[in-house]
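Report on one structure; see the data block that follows.
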Amino acid sequence: MNSAVAQEALGVAISAGVPVLLWGSPGTGKTSAVVALGEALGWPVETVIGSIREPSDFAGLPVVVGGSVHLSPPGWATRLCEAREGLLFLDELTTAPPAVQAAMLRVVLERVVGDTKLPPGVRVVAAANPPDEAADGWELAAPLANRLVHLDWPVDGKQIAKGLAVGFPRPVLAGIENPPNTAQAMAARAAVGAFLEVRPPLALQLPRSAADAGRGWPSPRSWEAVARLLAACEASHASEAARATLVEGAVGDGAALEFLAWLEHLDLQDPEAVLADPDSFVLPERSDRAFAVLTAVAAVAIADGGEQRWQQAWQVVARAAEGAPDVATLVARTLAGHRPAGAEVPEALMELAPVLRAAGLLRREVGR
């Protein structure tokens, strides 16, 4: 991976709001890249160095207020809350002892410091040296590693030479100003769901060694991160190399190679286009494609919340029921459970009656 792809992948991960960890030897410019990215965005960057912190710096300091004990956030968290947006840069992660790494878990996953929740505009970036290159280095704990997308930070001698001579280029800000829309987000989730439908063993594969545990590995959490990253890649028109780098960084090499190969041949229909013209919908012959497009259609209709989209989704499901009754039943169950207030029972219901009766849904969920 070259430095341009790494910078693009970093920009997409920040855009998606997925915490990212930059791996690289000391002196390779990880910190400089994060600071430059913050300057380009006009965001404050709060650097927290793991080796000199205590668990209370993340869990909060107990303070008695009005007879009750509150966990007060440290100064860096207060400043980010006041700014409403910014980069929290967790540096030297592998020099943080296990107790400190454990305290970081809630910050990285739930974005909570003490009793204070960080604003949505605050993004988390971390950096680490490989444990054998870090001073008193520790392997990264598996629970913390699984909350991060791992990117190897390369050294490009020619780019460094050019930067020193004429100045370093502005960091890539892929997707920051163009977040994914609902259709892109739902299509990405449907694609990941369809893949795990055909390859369920890859939903969770626990690492077999401490070294593997400290990098990306498949879990429900990391697959959810993949969905968010795919949507951000689509919205920002990211390169195939950046997309592959991000998927690999989330779920590891093996699962990523299999997923990307499958995704290349998925050819998922745009759920917005399907809803706009339900009568022209043709059910894909492959079961995984059928699963992906129908679940995406249902998700977009539910996210819209209106009766028109809900009715259109029923039309799509009715057309699919003959060729894929199992998937149609699943989607019908989902739609029935999200009926808009006051929505009429769709005409397509009659075509789905046998399917819905078999699923036990006709009277309980979709009846008037």
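The values are calculated or read from the model by the stated rules, or taken from the named source; none is laboratory data. Quick caveat: nothing in here was measured; it's all calculated off a predicted structure. Neighbour counts are summed over all protein chains in view; Cβ atoms, including those assigned to glycine, are modelled from backbone coordinates with ideal geometry.
Summed over the stretch 87-108, residues that are under 22 Å from the mean Cα position of the chain (by Cα) and within 23 Å of residue 24 (Cα to Cα) total 12.
Quick check, is residue 274 within 15 Å of residue 197 (Cβ to Cβ), touching a residue at least 40 places away in the same chain (Cβ under 8 Å) and either assigned to a helix (DSSP H, G or I) or of a type in the set (Phe, Trp, Tyr) (or both)? Taking the combined requirement at face value, the residue does not satisfy it. Scanning the stretch 305-319 for residues that are charged (D, E, K, R) and crowded, with 18+ Cβ neighbours inside 10 Å returns 309, 319. Filtering the stretch 36-92 to residues that are of a type in the set (S, T, N, Q) and out of contact with any strand residue (DSSP E or B) (no Cβ under 6 Å at 6 or more places or on another chain) leaves 51, 56, 68, 78.
Return yes when residue 210 is in contact with a helix residue (DSSP H, G or I) (Cβ under 9 Å, 6 or more places away or on another chain), farther than 24 Å from residue 10 by Cβ and surrounded by fewer than 16 Cβ atoms within 10 Å (Cβ to Cβ) and no when it is not.
Values: in contact with a helix residue (DSSP H, G or I) (Cβ under 9 Å, 6 or more places away or on another chain): yes; farther than 24 Å from residue 10 by Cβ: yes; surrounded by fewer than 16 Cβ atoms within 10 Å (Cβ to Cβ): yes.
Criteria met by residue 210.
Scanning the stretch 247-269 for residues that are in contact with a helix residue (DSSP H, G or I) (Cβ under 8 Å, 6 or more places away or on another chain) and farther than 20 Å from residue 204 by Cβ turns up 266, 267, 268, 269.
Considering only residues that are in contact (Cβ under 8 Å) with a residue 60 or more places away in the chain and part of a loop (DSSP other than H, G, I, E, B), which ones fall in the stretch 207-236?
The initial filter retains those residues of the stretch 207-236 that are in contact (Cβ under 8 Å) with a residue 60 or more places away in the chain, namely 207, 210-211, 213-217, 219, 221-222, 225, 228-229, 231-233, 235-236.
Selection gives 207, 214, 215, 216, 217, 219.
Let's see how each residue does on (1) more than 20 Å from residue 182 (Cβ to Cβ); (2) surrounded by fewer than 20 Cβ atoms within 10 Å (Cβ to Cβ); (3) of a type in the set (Val, Ile, Thr):
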site	(1), (2), (3)
232	no, no, no
236	no, no, no
246	yes, no, no
257	yes, yes, no
262	yes, yes, no
265	yes, yes, no
278	no, yes, no
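Can you tell me which of 287, 280 is in contact with a helix residue (DSSP H, G or I) (Cβ under 9 Å, 6 or more places away or on another chain), over 17 Å from residue 186 (Cβ atoms) and in contact (Cβ under 8 Å) with a residue 24 or more places away in the chain? Show your work before the answer.
Numbers: 280 fails: in contact (Cβ under 8 Å) with a residue 24 or more places away in the chain.
Sole residue among the options that is in contact with a helix residue (DSSP H, G or I) (Cβ under 9 Å, 6 or more places away or on another chain), over 17 Å from residue 186 (Cβ atoms) and in contact (Cβ under 8 Å) with a residue 24 or more places away in the chain: 287.
Is it the case that residue 46 is farther than 18 Å from residue 140 by Cα and crowded, with 16+ Cβ neighbours inside 10 Å?
Numbers: farther than 18 Å from residue 140 by Cα: yes; crowded, with 16+ Cβ neighbours inside 10 Å: yes.
Yes.
Residues in the stretch 284-335 that are over 19 Å from residue 198 (Cα atoms), under 29 Å from the mean Cα position of the chain (by Cα) and among the basic types (Lys, Arg): 2 in all.
Of all residues in the stretch 17-43, how many are buried (at least 21 other Cβ atoms within 10 Å of the Cβ) and either aromatic (Phe, Trp, Tyr) or in contact with a Ser or Thr (Cβ under 7 Å, 6 or more places away or on another chain) (or both)? Of the residues in that region, 1 qualify. Listed by position, the strands (runs of 3 or more DSSP E) contained in the stretch 2-78 that have at least 1 residues being at pLDDT below 85 are 61-65, 68-72.
One residue stands out in the stretch 320-347 among those that are under 16 Å from residue 281 (Cα atoms), out of contact with any Ser or Thr (no Cβ under 9 Å at 6 or more places or on another chain) and crowded, with 20+ Cβ neighbours inside 10 Å: the one that is modelled with the highest pLDDT, namely 320.
Within the stretch 9-30, residues that are touching a residue at least 40 places away in the same chain (Cβ under 8 Å) have Cβ atoms under 6 Å from residues that are among the acidic types (Asp, Glu) in these pairs: 23/152; 25/133, counting only partners at least 6 apart in sequence or on another chain.
Just one of (1) at pLDDT below 95; (2) crowded, with 22+ Cβ neighbours inside 10 Å; (3) not assigned by TED's automatic domain parsing to the domain that holds residue 298 fails for residue 222. It is (1).
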